[in-house]
1. Which residues, taken from the range 155-169, are of a type in the set (Gly, Ala, Ser) and surrounded by fewer than 18 Cβ atoms within 10 Å (Cβ to Cβ)?
2. What pairs come up if the first residue lies in the range 75-86 and is within 14 Å of Ile37 (Cα to Cα), the second is among the aromatic types (Phe, Trp, Tyr) and open to solvent by 40 Å² or more (accessible area, probe 1.4 Å), and their beta carbons are under 7 Å apart, counting only those six or more places apart or on different chains?
3. Output the residues belonging to the range 8-36 that are within 14 Å of ligand 1 (Cβ to nearest atom) and assigned to a strand (DSSP E or B).
4. Give me the pairs: first residue in the range 9-22 and more than 14 Å from Ile93 (Cα to Cα), second residue of a type in the set (Gly, Ala, Ser), beta-carbon distance under 6 Å, and six or more apart or on different chains, which are they?
5. Mind listing whichever residues of the range 93-112 are open to solvent by less than 10 Å² (accessible area, probe 1.4 Å) and either farther than 30 Å from Ala159 by Cβ or assigned to a helix (DSSP H, G or I) (or both)?
6. Is one or more of the residues making up the range 137-153 in contact with a Pro (Cβ under 6 Å, 6 or more places away or on another chain) and among the small types (Gly, Ala, Ser)?
7. Here is a list: Leu136, Leu146. Which entry is more than 20 Å from Val6 (Cα to Cα) and touching a residue at least 40 places away in the same chain (Cβ under 8 Å)?
8. Are there any pairs with C-beta distances below 7 angstrom linking a residue in the range 170-187 that is of a type in the set (S, T, N, Q) to a residue that is open to solvent by 30 Å² or more (accessible area, probe 1.4 Å), with the two at least 6 apart or on different chains, and if so which?
Amino acid sequence: MDGPKVVLFTGFLGSGKTSLLLHCAKNLAETKKRSAIIVNEVGEIGIDNLQMKKMGYAVWEIFGGCICCTLAISLEDTLTQLMANYELDYILIEPSGAADPAAIYPALSHSGFSKEQIRNVMILDPTRIEMFEAVLEPYLAASVPLADFAVINKIDVAAADEIKKTEEVIKQYHQDLPTVQINVKHLVNEQIQKIIGG
Ligand SMILES: Nc1nc2c(ncn2[C@@H]2O[C@H](COP(=O)(O)OP(=O)(O)OP(=O)(O)O)[C@@H](O)[C@H]2O)c(=O)[nH]1
Ligand SMILES: [Mg+2]
């Protein structure tokens, strides 16, 4: 079906999902693309709803559980309402950092989105990759293969060997996954285009 492209910002707690989503939203607004934002829980950064409204878009927050499981219906409802009421180019979704990305696809599929319309951007924090490997290996094994694009974030504070290790982990679970390395505070347009796709 024709319709908005869905970009999922996945990644573990604190990896930089909200920071990146907000930069992408701003860039889309500047290039006159219409986008909606769905966030599941507001984390450390928070999203200033009023500020976002001034910038021209509303934010839908889904609280009280995780959109990958207990709140899948809320996600479906929200998507249905968005599709019925707005002409959108993009829907940017930040699932909770504890979400299982695989479990989000059924709600998207029930709302009429095909796999081709969904872009799963996985954000990885290299400063914590050692810890991830040690205690979150099942999370990496389940989520990296589902990604359509990987973002290695926080390169301003990560050591070179941590970045290299992160690249290796990505390769291990998803051989040819396109990857970009960023410092979210110094994103350039070209990087944003790569991240959200054409
Ligand atoms: N130095 C540096 N800090 C970053 C970068 N990206 C994000 N951060 C910081 O990392 C912390 C977490 O960023 P968020 O964008 O809230 O991450 P999140 O994945 O949305 O977090 P949760 O929603 O809580 O899972 C914040 O303190 C950010 O300022 C980066 O590229 N460099
Ligand atoms: Mg967040």
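The values are calculated or read from the model by the stated rules, or taken from the named source; none is laboratory data. Only a predicted model underlies this, so the values are computations on that prediction, with no experimental measurement involved. Here the Cβ is made from the backbone with ideal geometry for all residues, glycine too, and neighbour counts use every protein chain on show. Please note that ligands, DNA and RNA were not included when accessible areas were found on the heavy atoms of the full protein model with its side chains. Shrake-Rupley method; radii C 1.70, N 1.55, O 1.52, S 1.80 Å.
1. Across the range 155-169, the qualifying residues are Ala159, Ala160.
2. Thr78/Trp60
3. If the condition is that a residue be within 14 Å of ligand 1 (Cβ to nearest atom) and assigned to a strand (DSSP E or B), then Leu8, Phe9, Thr10 are the ones that fit.
4. Phe12/Gly97; Leu13/Gly97
5. Hits for the range 93-112 are Ile93, Pro101, Ile104, Ala107, Leu108.
6. Within the range 137-153, one or more residues are in contact with a Pro (Cβ under 6 Å, 6 or more places away or on another chain) and among the small types (Gly, Ala, Ser).
7. After ruling out the rest, the residue left standing is Leu136.
8. Listed by first residue and then by second, the contacts come to Thr179/Glu167; Gln181/Ile155; Asn183/Lys154; Asn183/Ile155; Asn183/Asp156.
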